[in-house]
Every structure is written in C-alpha cells, then in structure tokens.
There are 2 protein chains.
Amino acid sequence: MLRTHLAGELRAEQAGQTVTLTGWVARRRDHGGVIFIDLRDRSGLAQVVFRESEVAEQAHRLRSEYCIRVVGVVERRPEGSENPNLPSGEVEVNVGSLEILNESTALPFQLDDQSSANEVGEETRLRYRYLDLRREGPASILRLRARANRAAREVLDAHDFTEIETPTLTRSTPEGARDFLVPARLKPGTFYALPQSPQLFKQLLMVSGMERYYQIARCYRDEDFRADRQPEFTQLDVEMSFADQEDVIALAEEILAAVWSAAGYRVSTPFPRMSYAEAMARYGSDKPDLRFDIELVDCTEFFADTTFRVFQADYVGAVVMAGGAGQPRRQLDAWQEWARQRGARGLAYILVGEDGELAGPVAKNITEAERAGIAEHVGARPGDCIFFAAGEIKSSRALLGAARGAIAEKLGLIDEGAWAFTWVVDAPMFEPAAEAKASGDVALGHSAWTAVHHAFTSPKPEHLDTFDTDPGSALAYAYDIVCNGNEIGGGSIRIHRRDVQERVFAVMGIDAEEAREKFGFLLDAFAFGAPPHGGIAFGWDRIMTLLAGVDSIREVIAFPKSGGGVDPLTDAPAPITAAQRRESGIDAKPRPAGEPAN
Amino acid sequence: MLRTHLAGELRAEQAGQTVTLTGWVARRRDHGGVIFIDLRDRSGLAQVVFRESEVAEQAHRLRSEYCIRVVGVVERRPEGSENPNLPSGEVEVNVGSLEILNESTALPFQLDDQSSANEVGEETRLRYRYLDLRREGPASILRLRARANRAAREVLDAHDFTEIETPTLTRSTPEGARDFLVPARLKPGTFYALPQSPQLFKQLLMVSGMERYYQIARCYRDEDFRADRQPEFTQLDVEMSFADQEDVIALAEEILAAVWSAAGYRVSTPFPRMSYAEAMARYGSDKPDLRFDIELVDCTEFFADTTFRVFQADYVGAVVMAGGAGQPRRQLDAWQEWARQRGARGLAYILVGEDGELAGPVAKNITEAERAGIAEHVGARPGDCIFFAAGEIKSSRALLGAARGAIAEKLGLIDEGAWAFTWVVDAPMFEPAAEAKASGDVALGHSAWTAVHHAFTSPKPEHLDTFDTDPGSALAYAYDIVCNGNEIGGGSIRIHRRDVQERVFAVMGIDAEEAREKFGFLLDAFAFGAPPHGGIAFGWDRIMTLLAGVDSIREVIAFPKSGGGVDPLTDAPAPITAAQRRESGIDAKPRPAGEPAN
C-alpha cells in the first residue's frame, strides 16, 4: 500500500512513530508560515502539519481535494490544541515529505459544507456524485448498506438458505408495471424483458427442491417515475418450501432485527400484526404509521338517521385533532385545500369548545342528539377538533388516514427515533381491475378482477374452495411488513397446485391459451410435484432510506437516476449509432409468436 | 414448518422419536405388501416404510417425484439391512400417516439415473431445469457457488471493502464486445446499455474516496455465443485505492485460497508469476496450463542457417512428445488434420528412433549438422517425437501451445486433481487493432493500435513517458490470474491522471471530441484529485466451473441460456406486442446527441 496507516486511526499511543498517510486535502489553514491540513481518507481525518520551511513551501500549492501522500512523525498536539471532536484529535503528523498524487480543479460545491451541497441541487450532486460521496453523510450510507447486506445474509446463511442468481435477460413477467425490453440480436424481432422481480424463477427454484433461496436482486420497472421510484431498484428476495406464514414471518423478523442492529438500532420481535380490514378501519391505510395513536372512528352507525345530507353516506368516519379547536380560520381553510389536493371535496370538521359547545358549519347541520353525543363517540375532549370524511368507504378512509398523519406531524406527535413495525395480513385476494388501473398499475388479465398481490399468491386455506365463485370475499395468504408507515416488504404463501393456479387465472380473465402462452412453463413445473412454498421480498432501497434517515431512495443508491430516468453523471440513456441500431435487430419485423427464427 | 426433521439428518440416536418429514419420492420398492420409499429433501434421503395395511394401501398411489408429508416413528433398521452409503442408513421411518402434497406427472427423464439425464440432452435438461436441479449433482453446484460467494465476501469484508451496487441501466462502455441495448421510453430515441462490466463505475467510486469496493456483479455482452459464453455472466469485481500491483495480487490470492477452501481444496499461496513474454515463449499461451511440464523450445537460432525452406522463418519452435516416435502413421496424419483445423498448414515432426536415428519427412530436409544436434537442442530422447511450428511468431507459438496441451492429454500427463495457478504479468499495453478484430473483439478507437486489457489500464511506471511514442514496446500495469490453463481473473493498476488517459486515448485514435463524448465524465472525475487505484475482476462462472469439475459454465448457472441466447425454460427472448413496441419508444427517430428530448 502507498500508506502505512489510516488517518482516522492515529492515536496518542503512536506518538513518535513515522507514518505514511494518503488522502485528500479536506481543509487548509496557514498560521504564520506553518500550514495545517486536515487530511481525509476513508477512516476519517488527521491533522498534518507542514512546519519545516521546505515542505511548507511545497504545501502552499495544496488546494481543496488534492490527493496527496505524506510521510511524517506522529506527535502529540501541544496542550490546549487537542480536538476532542476528532478521534485522532490528540495527535498531528509533522510532515517530512509531501507527494502530490493528483491535483484537483475548483470544486462545483464545497464538500465540508452541508448547506452548500444542498443548495447546489440534486442534479448537480448527481452529476458530480463522485464528489458528493466524498462527504461523510453520503459515503456512510453506502457503508451502512453494505453492513445491512451482510447482516441479512448472515441470518439467511445460518438458516441454510442458498444464495442463487436468477437471470436478468428473461421473459416478461407481468407484475403491475411495464417491462424494460432488450432486443435480441440473435433472434431478430424478439426481445428479452428485464425482470420486475425474480418471482417466477424463485418459484421454479422451489419446484427444483432447492427449498431455501435468497438473492439481493436487482429489479426493473419502466414506470413514469412518479413519487420516489427508480427504474432499477433492489430487493432482498427470499423463498422457502414446506413453510407456512408463521415461518416466513419469523424469519423476516429475524432478518429485520439483524439489519436494524447493523444500523445501531435495537428492535424487539415479534412485531404486532393486524388484518388488512383492521388497518383500513382503524388507520385508513394498508401501511399504517403506528408511531402515534390517532385512530379513525367509524361514525356510520352514529349518523345512520342523520338529516345532514353529507353524512347520509355509505361511510362516515372521523379523526380527532387534540387541541385543534383553537386553529385559526385560515388554518381550517388550509385543511380544505389539503383535502381538495387529495381529490376530496373538503374536510368537514367540528370544533369542540373548551366549554364543550360545538362550533363550525357541520355542527349547525346535525341534529341535537348528534351534537350531544358526537364528542364522546369519537373520543374528543374540550378544545379538540373533529375531522370527518363521508362517502365511498375506501377513499373516505384514505382521506382520514392521510389526515391522521398530517395531524400527528402538525402536533409533533411523531417520535422520530421510534421504529413502529406491524404486519398487515389477510388482505383481499382480488380487487376490481378498474381500481388497480386507476392507481397506475397494469392490471393483468381481462376480467373485472385482478390480483391485489400478484397472480401467484395463494388464497387462504379457508377460501380455497370459494375464491372463484366469490372473488370479492376471498382473502390472500399474504403478509406485508410495515415500518413507520412505509411498506418495507411483502410476501405470500404461493399457489403450488396447477389446478388452483388455473382457477386464479380464470378469475382474472386469463384463459387457458393465454395462461399457457405466458406462464406455461410455471404450470408445467407445478405438475411435477411442486412443494408448498412461500416467501417475502424486502424493498431494500426503502429500508436503507429509513435506516439512513434520509428522504429519498436516491440517497441510498450509489449512482441513482434522476427524474425521467436520466443519469446526470454518464448522461445515460443516449442515442445509438445507426450501425448499433442495424446490428441490434430492433427493426426486424416482429414475427407472430411460435414461428421459428430463420 | 410442515416438518419436524430433515430426512438426511436422521440418525440412530433418534430411534423411538415421532417425526414429520416432507419431500419427494425418489424411489419406491414393494416387498410383499410393504412399501419402501426413499424420501428426498434438500438434506438427502431417508427410507420411509409403509407397513401398516392402511398407509401401505395409500402409498400404492405414490409415484416418482410425488411431493409428500409423512408422520412416523424413527426405528433402527433390522440388522443386516442398514445402508452404510447413506448417512441416515441406520434407520428408517415407520409411517403412521401420509399426506400427498402434490402429485407428479410422468418425468421427461429419470432423476436418479445420471446416464439417462445425459442422454436426453442439454436442451431438455434446461427446459426442465427445475427437475434437473432435483439431482444431487446440479443442486450441489448451486450450493457450492453460494459458499464461494460467502467465502469471498468474508475476505473482502475483513479487509474493510464495501459492497456497492452499480447501475445496470447505464451508458455504453466499449470493452471489446457489443452492448445489449434497452430503449428508454421516457426519452424516445435513446437507449440504455447493459454494462459489460462495472469498470467505469468502480473507478468513479475510487474517485469518490470509497477506497475499497467490491461487487458480485452481473455483466452483459452481446456476443455470438462462440465457445462457452453466456450473454449474461457474473464477475467478482474488486477495486482499491492507494494500492499497487502487490496489494491487489495479495488480496486476490487470499480470496482465491478462501474460495478454493470453501470447495474443500487447499491451495498454497503465493502463486508463481511469470511475464507475458515468458508465458508466450515457454508455453505458447497467455494462460498456460502448468499442470504438466512440457515446454516450447525456441529453435529459431538453431535453424538460422537451415537450407530447409519451411524453417527459414521468423520463428521456429518445437515441443517434444515423449514416446511419440511409436505413433502409427494414421496418428501422425491426425496431427496434421488437428493443425489444419487450427488454421495451420500442418504440424512438422521428427521421430527419434530408439537407436537415435531421426525419421519423418523433416529429417530428410534438414542438414546433417541439424540432424545431429536437434534432439539434444529440444531435449528429446530416443523414442520421442518432436513437433515443429515455423512462421509468424504469434500463431506458431499458439499452435505449439495447443500441441503441448493435446500431447499432455494423450499421454495422460494432466493430474486432474491438481490446481496450478500462475500470475501472468507485464502484458503489452497495446496490440495491433487488426489482431483484436481478427479474434472477434470490437477494437475501440480508430488507429492501428488498441488496448490489450482495456483503455483504462495504466502503463507500467517505466513506460509512462514513452508509451505513446513507442506503443508496441509499452507494457501494461496489468496482471491475469490463470488456473489450469484458464484465465480466471484479470486486473490492472488504472490510469488516474487525466493527461495520461488522454494520451492513451490518442494512441488508440480516439480524438479529444470522441473522448469527451464517450468518457467525458471519467476525464472530468480524474480532474478532481482522483487517487491512484487498481483492481481485479474474477470470472465467477469460470471459477465455479473449475471448482465443480464440470465442462460448461451452463452447469454453474441456475437458469442458463442455451445456444443463440435462448432460455429453453421460459422461451425468452419472445416477440412483443404492437402496443409494447409502440410504448417502448423503440421506433422514435434517433435524435442527434445533445438535442433535448421533448
């Protein structure tokens, strides 16, 4: 190595030793001809001092982020000049010789200044990601991620799971998003698809008797980059045979506890569980944030005989904002705007005065009996505000679910240091295809129903006989793991019987021919003694985002894409040459399926 | 879990215990109404016996590869019926109840019969890969691979390397092969390229100060599937800063020793090294197989004044086949055919009789003095055969290099249990572009020279000043690791200075504009204090192939492609629909580089 020691690991015990350090000039100070440099390497910082006139003169050339190598003697700093904030702060290196390994041109943003880096904007940070990563924060996230990988693998290895790579150049596996396509030059007119997940391959591995598989797997979805998504993302993908829901959940909890521990957090297992129905009823969300205990209160029965038109609805629900009665008018107006941005007509409210008197427009419209009982019904105390949503149940609950989060944020009820995990189980097996499409997913199949999880999820045993005659009531043998309001993983017990899989396809309007064309290989595999199996996939980027305490998954990816799928660093995607296009076979006339290539 | 024990782990100590097992029917035997099943799970086999008439009757339904669950009592087998070849062979399970978890249809090939599986052919094995993997051999290879991953990561983690994922959807990085392309729907007319290696990203990570990176990385090359290649393959990719060749080599040896150890082999380090020039001169190959000690003998000087036309050449070399003088005429003819298949005109030879007399056509054509001295010059003894190649040095040596391998095989000189590692260092930095193209590579640049390793490899320090004035003499700061004649890894110290990188591009005929267009981001990065760095990439599939003792890398990949890049299981690649094509943006008119998307 070009060095003998790491800068950040120098200690007083090494005083007197001659060391060679390499790294970057993080900061330079001149004090009467003596030059002090904070030298940074991956371990941290050390102060190196150029006292002797010859090296001090050389050191005058040094600028920020020059890459240098110094040889010098470790010395205790003069009393009073130690830096207790720096692990190496008791010592400095008195430099005898300096070598400039590489110069640096002027930086586009200062690396030691968080605010400056934030100001330049993400686009610039990503364009100079190799500079952004020289800052301790971004670099430490990548190191955290590597530790998390290791922690997860240790758990899985200890349970005799086998890490197996599945293909990237594969066949379309419709799972709710568009596929990225790769033209196959050797079979012009045909395309590979990049996998949206290794779902089918991991099920085939179960059929193969490998029994326990995992992979930190890259997945690809060609979406419109809404929200905080990346065209390529990573999941920790796990599958096991002869297991039921309890086994997968126990394993998942062990993995998560180990990963959180790798980030320095202790979480206790088992995690609580609730049914999907309960999550929707109490929290208005299938990924409830349980760091605060505001809950939805169902008022449908309470207002069953109401004369107030707005509350003559399929569903009326409420959430209480403690102390919210004191909100000024413009704040109450702001809530209306907030609700309208979510597609609602507004957010009805009642203010409970300190004297118990109700105020606000809703209070005037409801009956005397309702006025007398509503505060108690929803658990509101004097000084509180009750927010209501009424109408179609799903969207009303969603609005109240969002409101509880907004209330908690406004009131500072969220313990930022808390980790609130919960399993959400017993989700519906199917949903109306129209709803899936409305939320931007690609609904597989051609019927009124599509799968909530995916087409390979087993119905719960008690719905095995009836899921196709009564799809709306069937529950899936599925489980999602939620942390602080984020879905960080999800899985299910899979279908392993060909007849059941075919019945599920039928519910979704996938006829035998289409099933054979798209998933024939899986149906075939099931016919050879496929074992019962199930698994889970963790959203690895999302988990890292939580552990790192950052806002965007772009912060936890070494080289993320910005909006529109562009990499500001390499400027990918890029035009191709005419020769590349010609060679790739992109323009070959697509042949009908089944017709052989020539 | 649906079971309490693993079949292969049952032992005599468990006699008397009631156990539940799950697995597959590997074999069924009937003995007078009693049914014996070899039940297989991932741990191995156990004999389960259906003695009681009720379960025996049920068990009559069982066929090969039915997936079942049995509850029964572990019993010592009757004396004399133990199976010492089976770890669980002292016991059997007396079944009280049987559940059929899934039936199996008739198998396309028998799983317990190696010869049958071989006979059906690879295409069928891959089409039913989930059955192929139920056989112990194929499954054990995937398990070995997982152990190797772990062993490598343990070494790298212990040395403070950070595992970092680099993008798959990226920009073309010309490295000797065609890129796979992915149309970018959101920026129609542009394409991502799948990476041929993470080379540029790992160098950017070094610029970022991460200092030590690794990744078990998927790579993609759109080649013509010559030889034993896969369109997607895996390399263990490692890069480190402030390191020189010795550091990378020492680390690589530690990794390889750990990986070999994970496969049950002990190899001792350090490995021997030789220069590229020495490898070519002594073995006629840059990846010499050192399991046997046949060497090339240079006879150019010896025949300097020869009258034999064929030997009036730039190079004359020989290899000796011990005992080869006794080869019958048809075998000597077969050598000629063998040589012609390699593009040579033939393989000249001299037979050294037991009496020391030389025979064969060449012997007649050379001078008396040459006849008198040649055997001693090449180290041939009575009864040996001397093979010659003469002409252009590179191809002549390659022919002799191939001949030494063929001789060793014929004579059974290759110790199949040996692991002969060697480093090959000091390769030329550049080669004539025409040669690269002739061997099927895509030569980057437009000059007469192209890079032997790749364009980012540093010249050795002593060639730093002269590599562009005398490209043919410059040596690269590169090192390849060879095992048993296979190149299993290669790396180099990289260029970290912008000026040097630009000079290398210039030698390759890449002008400033093209360099900026293709690698501007890397050149930019070098300008910000890029550190000295270097690394290595191991051909992970190739290493697994060696460790598993199989012939093809298809055996070490869970779901490999067969010839033409087709996956016989999923039938990828496949035609796409007109809607997919429309949406993908494939047919958008390519815009000139730099013009913004609309």
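Data overview
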read-out	value
Taking region A:7-102 and dividing mean pair separation by its residue count, relative contact order in percent (alpha carbons under 8 Å, at least six apart)	35
Nitroxide proxy distance, nm - points 7 Å out along Cα→Cβ at A:GLU246 and B:ALA578	5.5
Gyration tensor verdict on chain B (Cα atoms; rounded if a/c is under 1.5, prolate if a/b is larger than b/c, oblate otherwise)	oblate
Accessible area, probe 1.4 Å, largest first, for residues B:ARG397, B:ARG329	B:ARG329, B:ARG397
Förster radius 51 Å - calculated FRET efficiency between A:ALA527 and B:ASP587, Cβ distance, rounded to 0.05	0.80
Position A:GLN331, label points 7 Å along Cα→Cβ, spacing to each other copy in nm (shortest first, one decimal)	9.9
Anisotropy class of region B:292-411 from Cα gyration tensor, a/c 1.5 cut	rounded
Nearest 10 degrees, 0 to 90: helix A:368-378 Cα axis against chain A principal axis	40
Region A:193-331: projected area of the alpha-carbon convex hull, averaged over directions, in nm²	14.9
222 nm mean residue ellipticity, helices alone, for chain B (DSSP H n ≥ 4; -39,500 (n - 2.57); rounded to 500)	-9000 deg cm²/dmol
Nearest-ten-degree value, helix A:245-262 long axis tilted from longest Cα axis of chain A	30
Loop GluC sites (Glu not before Pro), region B:13-107, which have at most 10 other Cβ atoms in a 10 Å radius of their Cβ (DSSP)	B:GLU79
Estimated distance in nm for a label pair at B:ILE100 and A:ASN365, the labels positioned 7 Å out from Cα along Cα-to-Cβ	6.4
Set of aspartates and glutamates near A:LYS410 by C-alpha distance (under 20 Å), chain-local residues within fewer than 8 positions excluded	A:ASP289, A:ASP293, A:GLU295, A:ASP333, A:GLU337, A:ASP384, A:ASP551
Distant alpha-carbon pairs in the protein assembly as shown (separation over 50 angstrom), percent	39
For region B:457-598, the fraction of alpha-carbon pairs in successive 5 Å shells from zero, as %	2, 8, 11, 10, 12, 10, 11, 16, 14, 6, 2, 0
Region B:372-434: radius of gyration and largest Cα-Cα distance (Dmax), Å	15.8, 44
For region A:322-475: rounded, prolate or oblate by the Cα gyration tensor [a/c cutoff 1.5]	prolate
Helix B:136-158 axis, angle to chain B major axis (alpha carbon atoms, nearest 10°)	60
Over chain A, relative contact order from alpha-carbon pairs under 8 Å, at least 6 apart, %	14
For region A:100-216, convex hull of alpha carbons as volume per residue, Å³	228
Cut-off under 5 Å, modelled amide H: who pairs with A:LEU101 long-range	A:CYS67, A:ILE68, A:ARG69
Convex hull volume of region B:7-102 per residue (C-alpha atoms, cubic angstrom)	86
Violating pairs (Cα-Cα greater than 26 angstrom) within the set B:LYS287/B:LYS364; A:LYS287/A:LYS460; A:LYS518/A:LYS589; A:LYS287/A:LYS518	B:LYS287/B:LYS364; A:LYS287/A:LYS518
Using a 7 Å Cα-to-Cβ projection, B:LEU411 label spacings across copies, nm, ascending	8.9
Charged-residue dipole, Cβ positions (Lys, Arg, Asp, Glu), region A:299-419 about Cα centre, Debye nearest 20	500
Where trypsin sites (Lys or Arg not before Pro) fall in DSSP loop in region B:205-253, at most 13 other Cβ within 10 Å	B:ARG226
Distance (nanometres) between label positions extended 7 Å along Cα→Cβ at B:GLU13 and A:LYS437	6.3
Region B:292-411, relative contact order in percent, only Cα pairs under 8 angstrom and at least six apart counted	38
Inter-copy label distances at A:SER261 (7 Å, Cα→Cβ; nm, one decimal)	2.5
Quarter of Cα convex hull surface for region B:202-283, i.e. mean projection, nm²	8.1
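The values are calculated or read from the model by the stated rules, or taken from the named source; none is laboratory data. If you're wondering where the values come from, they're calculated on a predicted model, not measured in any experiment. Quick reminder, even Gly has a Cβ in these numbers, built from the backbone with ideal geometry, and neighbours come from all protein chains shown. Ligands, DNA and RNA are stripped out before the accessible areas are found, and what is left, the full protein with its side chains, is counted by its heavy atoms. Shrake-Rupley method; radii C 1.70, N 1.55, O 1.52, S 1.80 Å.
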